[in-house]
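Data block below; observations after.
The values are calculated or read from the model by the stated rules, or taken from the named source; none is laboratory data. Note that the structure is a prediction, hence the values are computed from the model and not measured. So basically every Cβ, Gly included, is an ideal-geometry build from the backbone, and we count neighbours across all protein chains shown.
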Amino acid sequence: MTQRFTRRSVLRATAASTGIALLAGCSSSSGDGSGGAGDEGGDGDGSSDGEGTSEHEMRDFGGWFDRTGNYDGVHDLTGQDQVTVAVGAAGNGGGYAFAPAAVQVSSGTTVLWEWTGNGGTHNVVNREDGLFESELTVSEGHTFEYTFEESGEYKYVCVPHETLGMVGVVVVE
């Protein structure tokens, strides 16, 4: 069930999804509010604490989330053995977001990324040093996990949709 993609097919998919996202953005009325989800349902994609943005610490991360419409602060999920992040959540003009976009976890926590099946082909790639990288897939229910042992900030992207703002951060205490 795993599909291998050539560079050409990834570029075609990226160009097509960028065009669709740009068209969707023209007809959307999500506004320019900073920090808001831009979707009718707020977090809505499995995050357990969708009570509003005031609960989450807003950090800049050097402008990492400047182009991301669904960043609503760092979700403090410390003390949990496993945390789930949706891949292909509603945001950035379609299913082009991670939800939540930023999580804070304890050392030794496993982050499980789970594909929603929305937004086309996605992956999860640590942008800074390649510490972790999933395969490209579109399959709803597909999962990828990584256990974070050392403290720090780990920035990651979906390579085909990075330019649309599909980026995330795991902060490890």
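Residues are listed down the side, and each one gets a yes or a no for (1) surrounded by 15 or more Cβ atoms within 10 Å (Cβ to Cβ); (2) among the acidic types (D, E); (3) in contact with a strand residue (DSSP E or B) (Cβ under 9 Å, 6 or more places away or on another chain); (4) in a strand (DSSP E or B):
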{"residue": "V85", "(1), (2), (3), (4)": "yes, no, yes, yes"}
{"residue": "A90", "(1), (2), (3), (4)": "yes, no, yes, yes"}
{"residue": "V103", "(1), (2), (3), (4)": "yes, no, yes, yes"}
{"residue": "G120", "(1), (2), (3), (4)": "yes, no, yes, no"}
{"residue": "S139", "(1), (2), (3), (4)": "no, no, yes, no"}
Given (1) touching a residue at least 60 places away in the same chain (Cβ under 8 Å); (2) within 26 Å of E57 (Cβ to Cβ); (3) surrounded by fewer than 18 Cβ atoms within 10 Å (Cβ to Cβ), where does S151 come up short, assuming only one miss? (1)
For the subset of the stretch 147-173 comprising residues that are closer than 16 Å to W113 by Cβ and outside any strand (DSSP E or B), which member is nearest to the chain's Cα centre (by Cα)? M166
Does G25 satisfy the condition of being assigned to a loop (DSSP other than H, G, I, E, B) and modelled with pLDDT under 50? no
Identify, by number, the condition in (1) part of a loop (DSSP other than H, G, I, E, B); (2) closer than 20 Å to E57 by Cα; (3) among the hydrophobic types (A, V, I, L, M, F, W, C) that L131 doesn't meet. (2)
For the stretch 70-83, state whether one or more residues are in a loop (DSSP other than H, G, I, E, B), at pLDDT 95 or above, at positive phi and not polar (S, T, N, Q). yes
